[in-house]
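The values are calculated or read from the model by the stated rules, or taken from the named source; none is laboratory data. Fair warning: this is a prediction, and the values are worked out from it, not measured in the lab. Ideal geometry is used to build each Cβ from the backbone, glycine not excepted, and the neighbour counts take in all protein chains shown.
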Amino acid sequence: MTKKIIVVEDLKIIAQDLKETLEELGYEVPAMESSKEAAIKKVEEIRPDLVIIDIVLQGEKYAGIEAAQHIRKHFDIPVVYLSAYLADKNMLDKAKRAEPYGCITKPFGDTKLETAIEMALYKHGKDQKLKEREKRYRTFFEECIDAMYILSKEGKITDVNPAMMKLFGYTKKREVLGADVKKSFGNLHDWERFERDITGTGFVRNFEMKLRRKDGTLMNCLLNSTVRRDQKGNIIGYRGIIRVASEHKQVQDGK
């Protein structure tokens, strides 16, 4: 499917040249606009695959940047800047805050233009897939019937699902977030054992321990957990599931 690109440039000769070049490269240009307001309105109407926008429009130094911020926030459409002014550090810093997918400096050639567009479309596609995966994970996390948790490396609770809150007798997430999970352990040595085992192997399976509910009662629990790592492979925390041990196990331990 042919990709649609809106051009936002206030100099007509540059806008027309850009339009013709884009069409020669196989893209469709359904609109050319010259102001921030017109660009935003047209993007909302057409919903193109990408917008190429000059940073300076009709004498307004940051008009293109402001339009890019609006387009990114409200339509999630990738923007590529077109400019000859990015040597200005203040403008560059402001331009980066709009999180553009690229920049084409004037004057531009066909190869530079096509490369910038294809890289922007590729990166945006990757971002969309990542957001979809995160959305699916969040839905699973929130709706899972098992108690799920996410911890920092130090044992601070960074997230829990509704099933976890119900199991431990909490009604408001703010009661839990940031709390030290070690205080819920019936035996502090269990945390030390948990930390040693999961750090050594990267996971634990059916790890037995007693955990304390909000009302102070202890439950025999089984933890299944894995480490969380940063891009360098360093452990930054843990995530997993807690299940209550079988009733038979609870009775045995209560004797």
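Please specify each residue of segment 45-58 satisfying the condition of being surrounded by fewer than 14 Cβ atoms within 10 Å (Cβ to Cβ) and over 20 Å from residue 121 (Cβ atoms).
45, 58
Anything in segment 77-106 that is at pLDDT 90 or above and either among the polar types (S, T, N, Q) or within 21 Å of the chain's Cα centre (by Cα) (or both)? List them, or say none.
Scanning segment 77-106 gives 77, 78, 79, 80, 100, 101, 102.
What is the residue count in segment 13-29 for residues that are in contact with a helix residue (DSSP H, G or I) (Cβ under 7 Å, 6 or more places away or on another chain) and either charged (D, E, K, R) or surrounded by fewer than 13 Cβ atoms within 10 Å (Cβ to Cβ) (or both)?
Looking only at that region, the number is 0.
One residue is enough: does segment 81-96 have a residue meeting the conditions in a loop (DSSP other than H, G, I, E, B), in contact (Cβ under 8 Å) with a residue 24 or more places away in the chain and of a type in the set (Asp, Glu)?
No: segment 81-96 contains no residue that is in a loop (DSSP other than H, G, I, E, B), in contact (Cβ under 8 Å) with a residue 24 or more places away in the chain and of a type in the set (Asp, Glu).
Is it the case that residue 141 is at pLDDT 95 or above and surrounded by 11 or more Cβ atoms within 10 Å (Cβ to Cβ)?
No.
What number of residues in segment 205-246 are in contact (Cβ under 8 Å) with a residue 24 or more places away in the chain and either outside any loop (DSSP other than H, G, I, E, B) or surrounded by 15 or more Cβ atoms within 10 Å (Cβ to Cβ) (or both)?
Count: 25.
Would you check if residue 175 is closer than 17 Å to residue 228 by Cβ, among the acidic types (Asp, Glu) and out of contact with any strand residue (DSSP E or B) (no Cβ under 6 Å at 6 or more places or on another chain)?
Against the criterion (closer than 17 Å to residue 228 by Cβ, among the acidic types (Asp, Glu) and out of contact with any strand residue (DSSP E or B) (no Cβ under 6 Å at 6 or more places or on another chain)), residue 175 does not qualify.
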